[in-house]
Each structure stands twice: as structure tokens, then as C-alpha cells.
Amino acid sequence: MEQKKFDLKSVKVHRTTEATVFELAFAIVAAIVWGVIIWMVLRAPDVVPTHFDVAGNPNAYGSPLGILIPCIILTLAALGCMVVAYFPRFINMPFPVNSIRRVETAIRSARVAGLTLMLLPLALAYTLLVSQSPLFVLLCVAVLIVEIVVFTMLGYRAK
């Protein structure tokens, strides 16, 4: 008997309880993050540091409204991760997505990355408008890297 080749383009993703939970969590986190970002922008002074040198000293200044542009871009990237979970053929994973278990892992990876990526605009705004310490941005990036490693290992283990 000939084994049928797995076709990723034929995979249809339907709404599940897990997807609904991730999407509700994403909406709640996004609302909180943007509420805090807007609150920080409104409370910031008229001129804030916008760029720092290697030693951590500010070397460029601007309006606190300037922080909204990278925050919007990061939010759109996070939203893109949530949307692409419904189209697994567009998810780029470091393991071959050639079984339904690996498709499930790739979808879950995209959703977790979208949720975590939504915290990056908050960390960026907090760094530039309040603390001027990159600790929170570095922490978010470290969590994203750990997620990539964990889901890569899970993807290779999935049959």
C-alpha cells in the first residue's frame, strides 16, 4: 500500500477552545498594554530621550508621541502572529511541518509568540518614557528566544 504524502496546503484550521482562550487573552493583554502606554505618554515630559549610546547615555531627544510608531508596528506584528495561526502553510518553523502534530505545534507556537510579542511595546514604552533601562526589553526578547527553542524542540519531537 502506498503512503499518501502530507499536504500542508490542505490543512484547514477551525476555531477551538484553545484558540478562543488565546484570542481573548490577546485582546485583554492588548487593551491593558495600550492603556498603560497611553497613560505613560500622557504623563511623560514634553521632551524624552529617544536613543541611547552603547554606555546607556541618551544621545537623541524627541516627543513622547514618537514612541507610538514602534509600539504600533510591534502590535501589528503580534496581531499577525495570531492571524497566521489560522494559515499554517505561512508559518515558518525550523522543523519540517509534515504531520498534523507538527502543524498543531506550529499553530500553538504562533499564538504563544503573538501573546508574548504583545508585551514588547509595553517594555519599549516603559524603557523610553520611565526607566531608561533596557532590562524589560531584554527580558521580553529573552522570553521570545526561549519560546523559539522550546517550540523547536517540541516540533522535532512531535511525530
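Points to keep in mind about this one:
- Normalised contact order of the stretch 73-150, rounded percent, pairs of Cα under 8 Å and 6 or more residues apart: 32
- Taking Cα atoms only, the orientation of helix 17-43 departs from the longest principal axis of the chain by about 10 degrees.
- Accessible area per residue, Å², the chain with all protein chains present, probe 1.4 Å: 63
- By the helix-only formula, in which each DSSP H run with n ≥ 4 contributes -39500 (n - 2.57) and the sum is divided by residues, the chain has a 222 nm mean residue ellipticity of -20000 deg cm²/dmol.
- ³J(HN,Hα) computed for each position of the stretch 63-68 - Karplus, 6.51 cos²θ - 1.76 cosθ + 1.60, integer Hz, glycine/proline x: 6, x, 5, x, 5, 5
- Relative contact order of the chain, defined on C-alpha pairs under 8 angstrom at six or more residues apart (%): 27
- Residues whose amide H comes within less than 5 Å of that of G62, counting only those at least five positions distant or on another chain, are V48, T50 (H built at 1.01 Å from N in the peptide plane).
- FRET E, pair L76, R101, Förster distance 30 Å, beta-carbon r, rounded to 0.05: 0.50
- Surface composition of the stretch 72-153: carbon and sulfur atoms hold 77% of the protein heavy-atom accessible area at a 1.4 Å probe.
The values are calculated or read from the model by the stated rules, or taken from the named source; none is laboratory data. Everything numeric here is computed off the predicted structure, so don't read it as measured data. Methodologically, a virtual Cβ is constructed for each residue, glycine included, from the backbone with ideal geometry; neighbour enumeration extends over all protein chains shown. Heads up: the accessible areas ignore ligands, DNA and RNA and are worked out on the full protein's heavy atoms, side chains in. Shrake-Rupley method; radii C 1.70, N 1.55, O 1.52, S 1.80 Å.
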